[in-house]
1. For the stretch 103-117, in order, what is each residue's ³J(HN,Hα) by Karplus, 6.51 cos²θ - 1.76 cosθ + 1.60 with θ = phi - 60°, in whole Hz (x at glycine and Pro)?
2. Compute the FRET efficiency between residue 84 and residue 113 as 1/(1 + (r/R0)^6), taking r as their Cβ-Cβ distance and R0 = 35 Å, and round to the nearest 0.05.
3. With each pseudo-label sitting 7 Å past Cα toward Cβ, what's the residue 127-residue 97 distance in nm, one decimal?
4. Roughly speaking, what is the stretch gain from residue 159 to residue 67, that is 0.36 nm per residue apart minus the C-alpha to C-alpha distance, in nm to one decimal?
5. What does the net charge come to around residue 108 if you take all other residues with beta carbon closer than 12 Å to its beta carbon, with K and R at +1 and D and E at -1?
6. Which residues' amide hydrogens lie under 5 Å from the amide hydrogen of residue 135, considering only partners 5 or more residues apart or on another chain, with H built in the peptide plane?
7. Within 10 Å of each candidate Cβ there may be at most 13 other Cβ atoms; applying that plus a DSSP loop requirement, which trypsin sites (Lys or Arg not before Pro) in the stretch 97-178 survive?
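Nothing in this text is a laboratory measurement; each read-out follows from the coordinates by a stated rule. Just so it is clear, the structure is predicted and the values come from calculations on it, not from any experiment. Don't worry about glycine lacking a Cβ; one is built from the backbone with ideal geometry, like all the others, and counts go over all protein chains shown.
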Amino acid sequence: MFVESPIWALLLCLAGGVGRTLAEPLAMRQAQQQRIWTEHLLTGDNTGKQEMPAGIAYEREGFQQRRSINTPYWFDQVIDHFGSNQTFKQRIFINDDEYVPGGPVYLFNSGETPASPAYLSGGEPHTLAKATGGMLIIMEHRYYGKSYPVSNMSGPNMKYLNIDNALEDIAYFIRNAA
């Protein structure tokens, strides 16, 4: 399971029903994580943090071997979170160059553009990951880049491109990637 942060809390609260049903446990986990982050930043202690997720299309032993941020990984995402269990492959990129076992995981959605590993190699997200021993993950938005839930882009097939499914993509990834 991913470590929850204030950013995670915001994403889950925005994800419709997920935020409403998980509000109380999420608030407790958020408060606990804030205490752990404060302890880590003040003392450098990583104890009490959750382990790195291993279920993202591969597994590896230990944390010595780093993966290339240019390697795409694929997550089985639900096509319609409100009607079917069919899935499609959603592309993600991971930067664990700064990751310390038990550190936070920061998840970003690429928005209305293809996901690129370039988003994970500099700027504020990278600075944050470096400061906290965190991992960065960028998830490609459905219908963009190479993350197509349908085989053709005809009008009727665009029905799965909506804010509800897009937000549920994030919540589903958080719940199921580890």
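1. Coupling constants for the stretch 103-117: x, x, 10, 9, 10, 10, 9, 6, x, 8, 7, x, 5, 9, x Hz.
2. The calculated FRET efficiency here is 0.85.
3. 1.6
4. Working: separation 92, 0.36 × 92 = 33.12 nm, distance 3.55 nm.
Gain on extension, residue 159 to residue 67, equals 29.6 nm.
5. Every neighbour counted, the sum reads -2.
6. Amide H neighbours of residue 135, under 5 Å, 5+ apart: 105, 106.
7. Passing sites in the stretch 97-178 are 146.
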